[in-house]
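One structure below.
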Amino acid sequence: TELEPPPTDLITLTRHILSQQYALGETATGDLTMLLVAIQVTSKYISSNVRKARLINLVGLAGASNVQGEDQKKLDVLSNDIMVNALRASGKCSVMVSEEVDDTIVVKGSKGTYACVFDPLDGSSNIDAGVNVGTIFGIYKVSEGSERGMKDVLKPGKEMVAAGYTMYGSSCNLVLSTGQGVDGFTLDESLGEFILTHPEIKIPSRGKIYSFNEGNSMHFYPPVISYLESIKYPANGKPYSARYIGSMVADVHRTLLYGGIFGYPDDKKSKDGKLRMLYEAFPMSFLIEQAGGVATTGTQRILDVIPKNIHGRCPVFMGSSEDVEDLKKHYAAYD
Ligand code: AHG
Ligand code: MN
Ligand code: MN
Ligand code: MN
């Protein structure tokens, strides 16, 4: 077959963001573009550190723990510092929340019109085994006249203006939405550019994969137990497949592209589940909804939840609309 001629109209991430911002007309100031360009640079840099981690002794523990009570990996801390420094230097972000930093970060004297919440390295328990990890981020607009602080981020996820993740796997994929659909980009390392490879991602309305950590089954509440039973022993005799990587970015990325349902329920052991609202549940729910899927706590839309503290957690079920609606029926049955 004819080899595809090299594209002469390369759509890089920066060009794509600009085109979306131009579409907004006069309201676009270029600030969001500059912020996303800064995030793009952090993704490239974190990717290069993840890839060579084992070569430069960057795997393993940092010897400290975070507010989550987790032992921080060296790459958790490194990725966090890369993100904080780049966002501060962008001049567009005046408030930050990171999984790895106890308190809200306010950039002194900044007039930046955005607040950025992020999980600098998601799935870090998988690092030492070379399994996919990622970075997750969400962006809120700072309210007019705000004196900039926690209240700029203790907002429901539906107020985010952009969200995305970068997955460091067999290739480096950045998936982004600025509220106008979801687009996926693949890093071309020879150019150092993220190239548009998955335009307008739409999640299938139903899938054949479920993604839960069933090691927690003994703690699950009845609605989750009965839902899982319904897809493992279905009347039609065609059970779903189980796929669980343990990095939210990888499990959600597969769900976004293949369909199905990803869940991290609340249970008797974890009363709010494990996933943090600001920098895990909200950004991923934003993307899933923008791609035509559904994201619920089981009883309410995740993006409607108002976080009480910056590291607050919530139950998470997200993915194909039909699959998640099925899950919600099991909760309704226990009302
Ligand atoms: P992080 O590495 O940022 O702390 O996040 C880990 C999260 C998420 O990536 C994943 O979905 C979940 O932890 C897996 O938890 P279990 O190992 O309990 O299944
Ligand atoms: Mn962690
Ligand atoms: Mn995480
Ligand atoms: Mn993390």
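Of a type in the set (Gly, Ala, Ser) and closer than 20 Å to Gly164 by Cα: does that describe Gly63?
Details: of a type in the set (Gly, Ala, Ser): yes; closer than 20 Å to Gly164 by Cα: no.
No; evaluated as a whole, the condition is false for this residue.
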message: Show the residue pairs meeting these rules: Cβ distance below 9 Å; 6+ apart or different chains; first residue within segment 105-134 and within 12 Å of ligand 4 (Cβ to nearest atom); second residue modelled with pLDDT under 95 and assigned to a strand (DSSP E or B).
response: Leu121/Lys73; Ser124/Gln72; Ser124/Lys73; Ser125/Lys73; Ile127/Lys73
- request: Select from segment 227-243 the residues that are surrounded by fewer than 16 Cβ atoms within 10 Å (Cβ to Cβ), touching a Phe, Trp or Tyr at 6+ places or on another chain (Cβ under 9 Å) and either among the hydroxyl-bearing types (Ser, Thr, Tyr) or on the phi > 0 side of the Ramachandran plot (or both) and list them in ascending order.
  value: Ser241
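Somewhere in segment 301-311, is a residue surrounded by fewer than 21 Cβ atoms within 10 Å (Cβ to Cβ), β-branched (Val, Ile, Thr) and at pLDDT 95 or above?
Looking only at segment 301-311, we keep the residues that are surrounded by fewer than 21 Cβ atoms within 10 Å (Cβ to Cβ), and these are 301, 303-306, 308-309, 311.
When the remaining residues are screened for being β-branched (Val, Ile, Thr), the result is 305-306.
From what is left, the residues that are at pLDDT 95 or above are 305-306.
Looking for residues that are surrounded by fewer than 21 Cβ atoms within 10 Å (Cβ to Cβ), β-branched (Val, Ile, Thr) and at pLDDT 95 or above, one finds at least one in segment 301-311, hence yes.
So how many residues does segment 97-115 have that are within 16 Å of ligand 1 (Cβ to nearest atom) and either closer than 20 Å to Val37 by Cβ or more than 19 Å from the chain's Cα centre (by Cα) (or both)?
So the first thing to find is which residues in segment 97-115 are within 16 Å of ligand 1 (Cβ to nearest atom), and the list is 97-102.
Still in the list and also either closer than 20 Å to Val37 by Cβ or more than 19 Å from the chain's Cα centre (by Cα) (or both): 98, 102.
Here the count works out to 2.
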- line: Every listed condition ((1) without any contact (Cβ under 8 Å) to a residue 24 or more places away in the chain; (2) over 19 Å from Met34 (Cβ atoms); (3) more than 12 Å from ligand 2 (Cβ to nearest atom); (4) of a type in the set (Val, Ile, Thr)) holds for Val77 save (3)
- request: Have a look at Ile225, Ile195, Ile201 and point out the one that is over 20 Å from Gly292 (Cα atoms) and outside any strand (DSSP E or B).
  value: Ile225
- prompt: For segment 245-252, does any single residue satisfy the condition of being more than 16 Å from ligand 2 (Cβ to nearest atom) and not hydrophobic (A, V, I, L, M, F, W, C)?
  reply: no
- request: Could you run through segment 168-188 and say how many residues are surrounded by fewer than 23 Cβ atoms within 10 Å (Cβ to Cβ) and among the charged types (D, E, K, R)?
  value: 1
- request: Out of the residues in segment 112-160 that are within 16 Å of ligand 3 (Cβ to nearest atom), of a type in the set (Val, Ile, Thr) and more than 23 Å from Gly181 (Cβ to Cβ), state the one that is surrounded by the fewest Cβ atoms within 10 Å (Cβ to Cβ).
  value: Val131
message: Being of a type in the set (A, V, I, L, M, F, W, C) and within 26 Å of the chain's Cα centre (by Cα) is the filter here; which residues of segment 232-253 pass it?
response: Ala242, Ile245, Met248, Val249, Ala250, Val252
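Does Ile82 count as aliphatic (A, V, I, L, M), at pLDDT 90 or above, over 20 Å from Phe185 (Cα atoms) and crowded, with 16+ Cβ neighbours inside 10 Å?
On the way: aliphatic (A, V, I, L, M): yes; at pLDDT 90 or above: yes; over 20 Å from Phe185 (Cα atoms): yes; crowded, with 16+ Cβ neighbours inside 10 Å: yes.
Yes; evaluated as a whole, the condition is true for this residue.
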query: Of the numbered conditions (1) among the hydroxyl-bearing types (Ser, Thr, Tyr); (2) more than 17 Å from Glu280 (Cβ to Cβ); (3) within 12 Å of ligand 2 (Cβ to nearest atom), Ser98 satisfies every one except a single condition; which is it?
result: (2)
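In this structure, is Lys92 over 21 Å from the mean Cα position of the chain (by Cα) and away from ligand 3 (no atom under 12 Å from the Cβ)?
Details: over 21 Å from the mean Cα position of the chain (by Cα): no; away from ligand 3 (no atom under 12 Å from the Cβ): yes.
Judged against the criteria, Lys92 is not a match.
The values are calculated or read from the model by the stated rules, or taken from the named source; none is laboratory data. Being a predicted model, the structure only gives us computed values, none of them experimental. Because the Cβ atoms are built from the backbone with ideal geometry, glycine has one as well, and the counts that use them run over all protein chains shown.
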